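Following: one structure in structure tokens, then a few remarks.
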């Protein structure tokens, strides 16, 4: 909670630490609440076979949302290794991001109810895209408005980081929607594939970006 | 978790840190639980259009409560940059504040059930005002009873901080209630406006106060 | 997370810090989940008057449980200013304590369902007493088995702390049960009084104990 | 949050700390949510006797899951006293582990619904075994792929730690299943015994392992 670079003559300001605790809390709760609307089939006969056969779209939606929130968390973590002070602008954009993350259990519940075929999946992808945009805007605000980022990082790297944070979730969602449109009602076959592709693409991109930063 | 100003001859006392963890936890959980009572319409046909048309008062209530809890969190954070030790009085008033914050999901649920027109909105604003008063009382207790605040801060600034923490939520709520009274049953048109105004006024006031402190 | 008294030649052991994070998390979640089973009356007409008239036993149970968990939290905090290392025995007794604390939302739900008149209140007080005994056992284990407590503290003070941690919740619960027995079915009149008395007695006792330790 | 061994010329990287906060949060929420699906019997007459007589399988399942999550938490804690930096591989395997832990309230709910006799218990034990395998894989990845572990620890100790983390939950689950098969439908008698045995065996094994490491 302390920072040795901190000037101890000034009142101790742990605002950035508390923002991270608070954010980690919201991420952890949102990700754990995903399972709360997961229920066995109403006429469940107690067998594993029926549970998996009828319940698997629910489990796929759970896995997808778990992965999505996990990726947003690690993206948040990476951003805040660069952001060095608490500002009201970062707080408000972060609050907006958390507000979208905290909607994920509700969005996942829509998938449970509507199944992975309907418009629920499009709404879901829309919220994911919006969260990406807010995330990019937060980093941009910290960089260009608050100058709250390490000045040693070259401007081109900053712009790359902002664009990848802001646009990747949207691009991947758009790709998923295209697949969805092309395949029509058969999206349930594509859900695990989308899930896997989303992970691979984002993580490759991020991993490369992270290496470049070092 | 450590404090370099800490005397290591005495047993390590991380009480204030734990109070902040505990409080951040309650804020994070209360804000994330807001979405748990959010449900799609019972006869939902799976379209985004119906979801938004019938569900928007719920989403507006969610956004309002998210903003309210977020503002209380940042206000709590700001106060505890001044408060320097754990005291029983601060703990009890903080517990009372957290007890009102933890009621927010229930209050928001009342808005979901009753709609934004009825008395539920007045009860909601009453709880927000009460939380403000408790918050102001907590800071006043820390300043005048426990002397747990940096002595370098001038007394007029302290009084301003206590009054703004204690009364602003109530004044804004009172303003909202007046609008509510004047407009009668048409409050649902005013909900987003109130939400926006509340954010702007509190944040301007707080931002000015914070600048003045530096 | 670091401790300056820490020997950096050994692998960094933040086990005690993590135990406190984990415990604070459970306390914070249990206290915030109390409101999740709180619902307005089924035939609620949307007025504040009916909500308070019919819902007040629920609000009283909420306030009581909030106070009980809050007091256990501050008692836990106080103990762990004395306990200086992570041991398996402390972990297991702490896990048992958290298991009883995490039952509080369920116990409070029993009060919501059964009302404050029936045996539910006795079961509730039994769980509170049991949590007190576990808490006392945990401190005793840390003191006499693990020797994980500051050796400078005099043995009589340690014994007092163990007895007050272990027996006070039980004694207060027993007092409440006696009142309950004497007054018969009229416990709802006594609930706020019990609540107030419990706070005053525990806090006075604790406050005195804490002063003596300094 | 700071590390004295940290090079302050580089941007402050608290990624490992945040991973632990996030993980502790998920563990704490999953363990506390266990009680949320615990309900009194539908025709509950308000007596403690009926609550215990009809509700005890629920309480046994609650206690078992509380113990299981608690043991996974302490196992996680022990591993991360060895792992010294954040890597994407550890993050992903940790996310998978948390995804299985966050399923425990759902799995416990299956036990509440299906009773401790049916296949639900087998599914439950399967998830516990899988979580063990993921845990072992995470440690193996940190040791052999990322070299993120203290190099002073001898390779044979590392392998022992990986095998015990990865296989013990599975072996104990397999033992429980065997008992289950032998005893047939009488598993409810064995549930507390399994619970107790699981705790004793794992803790003895781990306690010995931990001693050996020091």
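Computed from the coordinates by the stated procedures, all read-outs in this text should not be read as laboratory data. Keep in mind that what you see is a predicted model, and the values were worked out from it rather than measured. For neighbour counting, all protein chains shown are included, and Cβ atoms are generated from backbone atoms with ideal geometry for every residue, glycine included.
Footprinting exposure proxy ranking of D:153, C:127, C:145, fewest other C-beta atoms within 10 angstrom first, gives C:145, D:153, C:127. Residue D:167 label point (Cα plus 7 Å toward Cβ) to equivalent points in the other copies: 5.1, 5.1, 7.2 nm, shortest first. Arranged from fewest to most other beta-carbon atoms within 10 Å of their beta carbon, D:38, C:122, C:139 become C:122, D:38, C:139.
Counted by neighbouring Cβ atoms within 10 Å, the residues A:73, D:141 run from fewest to most as D:141, A:73.
Sorted from shortest to longest, the distances between the residue A:45 label points of this copy and the other copies are 3.6, 3.6, 5.1 nm, with each point 7 Å from Cα along the line through the beta carbon. Sorted from nearest, the other copies put their residue B:88 label points 3.8, 3.8, 5.4 nm away, the label point being 7 Å from Cα in the direction of Cβ.
Give me a single rounded figure for A:96-107: the average over its residues of other chain Cβ atoms within 10 Å of their Cβ. Intermediate results must be reported in sequence, preceding the final value.
On the way: counts 4, 0, 5, 10, 1, 2, 9, 7, 2, 5, 11, 1.
Per-residue shielding by partner chains comes out at 5.
Only Cα sites of the stretch C:37-132 enter the Debye sum here, all with the same form factor; the resulting log10 I(q)/I(0) across q = 0.10, 0.18 1/Å is -0.36, -0.86, listed in q order.
To the nearest whole number, what is the average tally of beta carbon atoms from other chains within 10 Å of the beta carbons of peptide C:83-93? Before the final figure, lay out each step's value.
Values: counts 1, 2, 0, 4, 0, 5, 0, 0, 6, 6, 0.
Mean partner-chain Cβ count within 10 Å for C:83-93: 2.
Checking the a/c ratio against 1.5 first, then a/b against b/c, what shape does the Cα gyration tensor give for the stretch C:58-107? Walk me through the numbers before you get to the answer.
Details: a/c = 6.37, a/b = 1.88, b/c = 3.38.
Note, shape of the stretch C:58-107 comes out oblate.
Given the peptides B:53-59, A:84-90, arrange them by the average over their residues of other C-beta atoms within 10 Å, most packed first. Mind showing how you got there, number by number?
Working: B:53-59: 15.6, A:84-90: 17.1.
Per-residue mean Cβ counts within 10 Å order the peptides as A:84-90, B:53-59.
Here the simple spin-label model places points 7 Å from the Cα toward Cβ, and for residue A:85 and residue A:157 these points are separated by 2.2 nm. With coordinates expressed along the principal axes, the C-alpha atoms belonging to the stretch B:103-146 extend over 43, 15, 7 Å, beginning with the largest.
Averaged over the residues of B:122-129, the number of partner chain Cβ atoms lying within 10 Å of the residue Cβ comes to 1.
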